[in-house]
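In what follows, a single structure is set out as structure tokens and then discussed.
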Amino acid sequence: MTRKIAFITGASRGIGKACAIELADAGYDVAITARTLKEGEQREHSSTLKASDTSPLPGSLEGTMAQVEAKGVKAMAVAADLLDSASLGAAVTQVLERWGRIDVVVHNGRYIGPGHMDRFLETPIELLRKQMEGNVFAGLVINQLVLPNMIANGGGTIVNITSAAGYGDPREPAGGGGGWGMGYGISKGAFQRIAGFLKVEHGPQGIRCFNVQPGHVATERMAQDMVKFGFSPSGAPPAVPAKVVRWLVTEPEAEAYNGKNIEAQNFCHEMGLLPSWGGPPPPSKDAGGSLDLSGYNLQQMARGAKGYT
């Protein structure tokens, strides 16, 4: 029996790496993309125009590939840049030519660079465009390339790793109090809308698309880069959203969530997907919290949902 294939962006570290390992454990051969092929590579990853940071971040495609292969499945690393559509097309084409199919896509990668933590009047419009390109259009490019193959094979699953910034306002401006730049919020808001359209247009052809909102996750970059902007280095382990992604990809009951948003931390805890984890912290009632979830909370109440919509 031919194993199914998963294609994951931003898989050199963090949530993408955890998703690659989880799907490998579930029996998928895994193709992974990111910019960092080898450990220790240097490139700009500062989130602000006010400083430069080319220090190496932990993780690489080679490291993730080794952990995927340790699960007894095949791994393929293909370098790609979300701001370079040609590189995305080459990555998808390489996987399809070598392995013949793509059954699952996990859109985890996002724009990394200046503008992410700068205030609106400090951010050149070109950097806002780059965030839209990396956080929205890159995923659309990949979707248009993989959907015909998925449909021809009877269906497939697309998972968007989203953000509460796509539907909630920061409590503080970007810069040091735990807020973020407008480009991140508006691009994640646009990205959030893709799943419902794919469900409506391609659900009858076996296509499922889910939004997974991971919440605050303790990734390598969170610890190295984001503390200076007021973010805590602690949070849920990357395995939490990865377990939710695995459940959505492998369980027939996931069909009920096609086109919808899943709050990963609540969902993981309520479903018992990671018993060793104690669950998310209780919602903060402190007005000084970092996120205004009023719009999301109203939606939850209207639908009578518990932790997901």
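Quick notes
Rundown of residues vs (1) part of a loop (DSSP other than H, G, I, E, B); (2) over 30 Å from Asp29 (Cα atoms); (3) modelled with pLDDT under 95, yes/no style:
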| position | (1), (2), (3) |
| --- | --- |
| Val212 | no, no, no |
| Gly215 | yes, no, yes |
| Val227 | no, yes, yes |
| Val240 | no, no, no |
| Ala256 | no, no, no |
| Gly259 | yes, no, no |
| Phe267 | no, no, no |
| Pro282 | yes, yes, yes |
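- Just one of (1) assigned to a helix (DSSP H, G or I); (2) out of contact with any Gly (no Cβ under 6 Å at 6 or more places or on another chain) fails for Gly278. It is (1).
- Filtering the range 152-176 to residues that are outside any strand (DSSP E or B), in contact with a strand residue (DSSP E or B) (Cβ under 7 Å, 6 or more places away or on another chain) and open to solvent by 50 Å² or more (accessible area, probe 1.4 Å) leaves Arg171, Glu172, Pro173.
- Met132 vs. criteria under 16 Å from the mean Cα position of the chain (by Cα) and over 19 Å from Gly16 (Cβ atoms): yes
- Hits in the range 41-64 (condition: part of a loop (DSSP other than H, G, I, E, B), open to solvent by less than 60 Å² (accessible area, probe 1.4 Å) and touching a residue at least 40 places away in the same chain (Cβ under 8 Å)): His45, Ser46, Ser47, Thr48, Asp53, Ser55, Leu57, Pro58, Gly59, Ser60
- Selection status of Gln224, free of Cβ contacts under 8 Å to residues at least 60 places away in the same chain and buried (at least 16 other Cβ atoms within 10 Å of the Cβ): no
- Positions within the range 229-238 being more than 15 Å from Gln265 (Cβ to Cβ) and either in a loop (DSSP other than H, G, I, E, B) or open to solvent by 40 Å² or more (accessible area, probe 1.4 Å) (or both), in sequence order: Gly230, Phe231, Pro233
- Residue list for the range 177-210, filter: open to solvent by 20 Å² or more (accessible area, probe 1.4 Å), in a loop (DSSP other than H, G, I, E, B) and touching a residue at least 12 places away in the same chain (Cβ under 8 Å): Gly177, Trp180, Gly206
- Taking the conditions (1) under 20 Å from Ala79 (Cβ atoms); (2) in a loop (DSSP other than H, G, I, E, B) in turn, Gly16 satisfies each one other than (2).
- Pairs, first closer than 15 Å to Phe197 by Cβ and in contact (Cβ under 8 Å) with a residue 60 or more places away in the chain in the range 152-169, second of a type in the set (Asp, Glu) and buried (at least 24 other Cβ atoms within 10 Å of the Cβ), C-beta under 9 Å, six or more apart: none
- Just one of the numbered conditions (1) open to solvent by 10 Å² or more (accessible area, probe 1.4 Å); (2) farther than 18 Å from Gln205 by Cα; (3) not small (Gly, Ala, Ser) is not true of Glu255: (2).
- Subset of the range 258-276 (residues that are exposed (fewer than 11 other Cβ atoms within 10 Å of the Cβ) and either among the hydroxyl-bearing types (Ser, Thr, Tyr) or closer than 17 Å to Ala164 by Cα (or both)): Ser276
- The range 105-125 - residue that is under 17 Å from Lys50 (Cβ atoms) and in a helix (DSSP H, G or I) and, of those, most open to solvent (accessible area, probe 1.4 Å): Leu121
- Filter result for the condition that a residue is under 26 Å from Met117 (Cα atoms), among the charged types (D, E, K, R) and out of contact with any His (no Cβ under 9 Å at 6 or more places or on another chain), over Glu69, Glu39: Glu39
The values are calculated or read from the model by the stated rules, or taken from the named source; none is laboratory data. These figures come from a predicted structure and were not determined experimentally. Please note: Cβ atoms are built from the backbone with ideal geometry, for glycine as well, and neighbour counts cover all protein chains shown. The protein model used for the area step is the full one, side chains on, heavy atoms only, and it has no ligands, DNA or RNA in it. Shrake-Rupley method; radii C 1.70, N 1.55, O 1.52, S 1.80 Å.
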